[in-house]
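Student: Take this structure, written in structure tokens, and hold onto it; I'll ask about it next.
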Amino acid sequence: MAFQVFGRGFIIMIVLMSLGILMSFAGGTIIDLFTMGHTGDLITNSSGVTPSWKAVQNNTMWWFINLYYGLCYLLPLLGIAVFIQSILPVTTGDRYV
């Protein structure tokens, strides 16, 4: 029984860590495709970026990017918490179950 709980906690941790890593690579690639094109325009073009892009950039885009990367970090932390909880002894009163 204890090994099953330990094994499930370990598998959940590995899955959530892998999911967080995959999300950060895939999401980072997509975010780079959206932002690097406009950043390259800013670097090579002296006129800068369009006002509409500047408004999006200042208002909501960075908040969503930070939220996405926060989720990428929270998933592995959740997996570690589940694993630690699975290896702690389960007690009822003063004896092991």
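Student: Within segment 1-26, restricting attention to residues that are within 10 Å of F83 (Cβ to Cβ) and surrounded by 15 or more Cβ atoms within 10 Å (Cβ to Cβ), which residue is modelled with the lowest pLDDT?
Tutor: The extreme case among them is G9.
Student: Then there's this: Residue check: is N66 loosely packed, with under 12 Cβ neighbours inside 10 Å, modelled with pLDDT under 80 and in a helix (DSSP H, G or I)?
Tutor: The answer is no for N66.
The values are calculated or read from the model by the stated rules, or taken from the named source; none is laboratory data. None of these values were measured; they are calculated from a predicted model. For neighbour counting, all protein chains shown are included, and Cβ atoms are generated from backbone atoms with ideal geometry for every residue, glycine included.
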